[in-house]
Amino acid sequence: MAEAFIEVLLQNLSSFIQKELGLLYGVDEELRKLSSSLSTIKAVLQDADQEQLSEKAIRNWLQKLNSATYEVDDVLDECAAKAIGLKEKARRIGCISMSSGFSLENIFFRHQIGKKVKNAIKKLDGIAEERIKFHFSEVTSKKRLSTTEEVRETGFVLTPAEVYGRDDDSRKIIEILTKHVDDTQELLVLPIVGMGGLGKTTLAQLIYNDVWVHEHFDLKIWVCVSHNFDEKRLIRAIVEAIVGKDISVSELASLQSRLITLLRGKRYLLILDDVWNEDQEKWDKLKALLTFGSTGTSVITTTRLEKVASIMGTVKPYCLSCLSEYDCWLLFKQRAFGLDRKESPNLVDIGKEIVRRCCGVPLAAKALGSLLRFKSDEKEWSFVRDSDIWNLPQDESSILPALKLSYFHLPQDLRHCFAYCAIFEKGSKIDKEELIYFWMANGFISSEGNLEPEDRGNEVWNELYWRSLFQEVQQNSDGRMLFKIHDLVLDMARSIMADGIHATKLEGGEKISASRIRHATIHAEDKSFLAFPKCTMPYNPSTITVYRSLRVLIFCSVQLKELPSTIGNLIHLRYLDLFSTCIDSLPRSICSLQNLQMLSVEDCCLLRVLPKHLRYLRNLRHLRLKGCPLSHMPPNIGQLTHLKTLNKFVVGKRRCSKLSELRDLNLRGELVIEHLERVENHMDAKEALCSKQNLQSLALYWNRSTECVSSKDVDLQVLEALEPHSDLKHLKVAGFRSTRLASWMKDSVLRTIVTLYLHDCKYCLHLPPLAQLPRLKSLSLRGLHIEYIDSDVESGVSQLRKFPSLVSLEMCNLPNLKGVSIKEGEEQFPSLHEMWIEDCPLLKFPRLLSVRNLRNIKCSNMTLASISNLCGLTSLAISNNKELTSFPEEVLTNLTDLDTLSIVNFSKLEVLPNSLENLTTLKFMCIAHCNQLKSLPEQQLQGLTSVCKLSINRCLASLEELAILGCPELVSFPHEIKHLNSLHCVYLDGLPMFHMKEVTAFHPEEFGFWQLPEALRHAHNLQSLSVRRFPRLNLLPEWLGELMSLKELNIVQCDNLASLPDCIERMNLQSLNILGCAILDKRCKPVQGEDWYKIAHIPKVKISQNCEFFGINLSSPESFIGLRRFHL
């Protein structure tokens, strides 16, 4: 890691010397000495880097080196910042050279810099001397890690007792191998990919030793490849594996001929285990020899590297996932307890906590289980549970050697980038873009030739992902890429990052010099301060400026109202994030941060104006302004020519912040332009989007107000002028006033559009031919007066090709909309999956087979009646109808695949449709805010045999009786029952009982006792309660005594009910029936029974083993047999 940073420093020093900046400050000779010292140390760093994980003294030496190199970096940064400042000052006053502006201040600065450089040289000389005692080997760039790494060897012999949780993986891969016989003559190469320790080799062994595989293939060959992917070595290894003995042939041609002879006509399985080779040519040479087998020949290769998989694989790689916690526990238990050792309950509890820390990595479970095999003291187990895995004894744990291979296989320039990931919390979702900006801020990556640093950072991130160091990559709704780092991989990064990184609470932590803090994140929620290196500091943003070496400073949702003017003293700061703070202005001094690359004031809802001298931030690359109610942009923002991100531009009034300011900015990503109604001359807009080829998303807003100066014609001219490039992915137009859209929206400019929003364009009567857009996936239309989305009948586009890729369609506040297409066909919208409809009173749905989800708000009767045309629906939510008293029967007639139904806010609805009984696949049903609904149709409900969640909210206010029968899966009961003031009778039959607290999943074995649903205690007007056929019920709750109105209690066929609660004695019951309850029958016998005294006061008591006469005339107990949740 240190080597990579020193390489960056050496490049900076070289640049300084070449630019003669050392001469400018009188330290040219000292800088050359620095370069020499760093080069001397760099030569041994690869060896030191490999030894530091096991040698604490070397780790301490690297910490001192890191500290010294950071100081050098600060000095160089200070010089560069001063040079930029002098250049800017000279430019302003018209001086030709920087030196002509020298003053007493500059002379003093030269003296200070000289002193700092000499101190740095002295420190580095001492560190260089100290290296001698460690006897490091000097490793040149041509020598690889093979000089110091142990060679890992694997074989095909498997220990069956140690394999857990991989049967399904094995079955799937064997199925791929066998299916291949019929599919193709080509050699099949299936890579198994996963991080270190995940069990790739074990899975390959499981497949290799499978009986069916043994019968299917003529030959099985196992070769451990490891780091040395040498053609001759591998050919020899394959031949020797086939013939079963060593061979004496040494010439490559003879080996090739021998291999071809052995493989010809044979269906063989070759396992190439632990491959690291990234050289396509080397693999192609070996692959050419492997093609001589017969049909069905297969190769399995195991690797940690996605890049290797992409080079070698002929089919999609099999990405191996982590073990389940249960399987991980079995593996750990087998190692820790063996077959004959007694399992102490306390050790089992501690062991399960240890297994959780393994995070599904079998190697970790095996290693830690083995470590504890002969330890029986709880303190020893607790020590392992509470210790960092990397601090456990290395001779007993194989986790470290296995995982560190991934680190040592990284190129030097990637090691620092990986180790820096230690700043993140375990389990957190990490923003890819933010991480790249952090790398840039710390100088780990920079531009290379024509490659921007952001692009280089993307390459670095991809490399780390391909090497299985990053995982669970996903794209959020904003298009940002998020990912995670496995806990064990993060532990490795933290062990490598010598100075440590963690979040410390205010009251404690390790003291460290303020001058060494380079990354700080302040969290308001838990008052913690995250810093690198680790530190303690008071939570006081006004004193943050004492940490002068900061590169990254982040305030997360802090109640920060102002930044101190001293923020300008943080001359090294590259990244400043004030997201969602309460600041209403930025200090002028912020414009002196010459090195600042990123400034984010997103969601600062009180910030209306930016500093007018923002243009002086010449190195600013990313300016994030979304969510800021800015009135205008600062003047001359177009001078920030390094800007890559400007996600919001506000057109100013009159001559202020014109669109032409955007002309020279090479922006990428997203751009929102607001207040386009202020544009007086469309020629200003003509130049705004020129050469913006890297823009992915564009939003154009006309904000209507009394200050509006443009006309409808000007609006159209401006939109015409703002023609984007033809590779745009996302476009939004809002507030546009003309009757027609721009002409460029009709041609090929939108061919690549994926998302299109047209909002509040209320004068627009026709849309461009959107049906022809091949990549359009999401379309949102709001506040338009169109009659059809597709009104182009003369386009010549076949019905089968209209909207070919559209997945999501939103239509809101379209009062004139009659249909989606003026010429409808059954096969249009072939990919449409979900629709959101709101306030479209004239809309009639055509027959669309692909739609699965529909949400219809403010639905008219006409729209409601046409829902049956969407016969592929699986989810339907309809709401806000104030006219309908009963559902049209045809609404649900064709919806045979529906599994979710929601009916909300039908204020006059009195009855549900009879067609409800046809929804045999329905699993979730919600009825809410239907105030006039008086009952649920008994016959229709009997047909809903698949329902597992029923929610009834603010309906049935006059409900008097509630019976739930034959719902063996029900585990959740509605607390909303307290709102049913008229409810006086509840009958429960055939339910599993509820734990004292409501549970989210039904696992009876996890609970030792069962209770009645506690929600019933809120039914204060309840007069009759009947509980029948609950064999697991063993007690009744004391809160029954709170039901002051309860007069009748019936308990039937509850065999395990052991006693009655004491509260029965105090209750004003008039009738008690205990029938078919063997234990209670004895305890409640008159006079003699132990519980008789509790019920002797009740006027009418019936206790009997015969329960035949007890019955209720209710619906069949077969209704809702899958019901798991019931809400009122």
Take the Cβ-Cβ distance between residue 907 and residue 383 as r, set R0 to 56 Å, and report the resulting FRET efficiency rounded to the nearest 0.05.
0.30
Förster radius 25 Å - calculated FRET efficiency between residue 871 and residue 732, Cβ distance, rounded to 0.05
0.15
Accessible-area value, residue 1047, 1.4 Å probe, nucleic acids and ligands omitted, Å²:
80 Å²
Restricting to lysine pairs 8 or more places apart or on different chains, what number in the range 842-940 have Cα atoms under 16 Å apart?
5
Net lengthening on full extension, residue 569/residue 282 (0.36 nm per residue, minus Cα-Cα):
97.9 nm
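If you count only protein heavy atoms with a 1.4 Å probe, what accessible area per residue comes out for the range 270-321, rounded to a whole Å²?
35 Å²
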Tell me the label-point distance for the pair residue 1096, residue 787, using the 7 Å Cα-to-Cβ offset, in nm and rounded to one decimal.
8.7 nm
Could you tell me the distance between the Cα centroids of the range 272-340 and the range 1039-1080, to the nearest Å?
63 Å
Excluding same-chain residues fewer than 8 positions from residue 333, which lysines have a Cα within less than 16 Å of its Cα?
342, 352, 366, 375
Ranking request for peptides 928-934, 576-582: highest mean number of other beta-carbon atoms within 10 Å first, then the rest in descending order.
576-582, 928-934
Arrange the peptides 863-876, 235-248 so that the one whose residues have, on average, the most other Cβ atoms within 10 Å appears first.
863-876, 235-248
If I model a spin label as a point 7 Å beyond the Cα along the Cα-Cβ vector, how far apart are those points for residue 548 and residue 348 in nm?
6.2 nm
Given a Förster distance of 25 Å, the FRET efficiency implied by the Cβ-Cβ spacing of residue 889 and residue 818, rounded to the nearest 0.05, works out to 0.55
Can you list the lysines whose alpha carbon sits under 26 Å from that of residue 33, skipping same-chain ones fewer than 8 residues off?
19, 42, 64, 82, 115, 116, 118, 122, 123, 133, 142
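Using a probe radius of 1.4 Å on heavy atoms only, what accessible surface per residue do you get for the range 619-674? Whole Å² is fine.
On a per-residue basis, 35 Å².
The values are calculated or read from the model by the stated rules, or taken from the named source; none is laboratory data. Quick caveat: nothing in here was measured; it's all calculated off a predicted structure. Reconstructed Cβ throughout: ideal geometry from the backbone, glycine too, with neighbour counts over all protein chains shown. Remember, those area values only see protein heavy atoms, side chains included, never the ligands or the DNA or RNA. Shrake-Rupley method; radii C 1.70, N 1.55, O 1.52, S 1.80 Å.
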